[in-house]
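Remarks on the structure that follows.
The values are calculated or read from the model by the stated rules, or taken from the named source; none is laboratory data. Since the structure is predicted, the reported quantities are computational estimates derived from the model, not experimental observations. Cβ placement follows ideal geometry from the backbone for every residue including glycine, while neighbour counts extend to all protein chains displayed.
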Amino acid sequence: MGSYKDYPLSADTTPESERLYFELLAKKTPAEKMRMVCQMSATMCTLAMSGLRSRHPTDTEAQLKIRLAELLYGAEIAHEIAERLKNSARHRNKESRR
């Protein structure tokens, strides 16, 4: 079995461009690579929330965040997050009445 370098990763990218990309990526520090991952993750969340907003225009921001959690982590974890948020909100409401 060959290396990932033996197979083109993108149909629309030349092998030379791919090679250059991986050379540049290899020169980055671990911190730079982590920053890139975090930026890509944030972009993905922004795009997913945008799609959710257009498909569910009447949802509140909290409802959209639960939908995002369902996409990212699955229904069971999203349900648990929703329950914890509800309990937390109830607790804050009780505290504010005192």
| task | Please find, within segment 1-48, the residue that is nearest to Lys65 (Cα to Cα) out of those that are small (Gly, Ala, Ser) and modelled with pLDDT of 90 or more. | result | Ala48
| note | Being surrounded by 11 or more Cβ atoms within 10 Å (Cβ to Cβ) and assigned to a helix (DSSP H, G or I) narrows Ala26, Ala48 down to just Ala48
| query | Which one of these is in contact with a helix residue (DSSP H, G or I) (Cβ under 6 Å, 6 or more places away or on another chain) and not β-branched (Val, Ile, Thr): Leu52, Leu20, Leu72, Leu24? | reply | Leu52
| message | So, in segment 51-98, exactly how many residues are aliphatic (A, V, I, L, M) and within 18 Å of Ser41 (Cβ to Cβ)? | response | 9
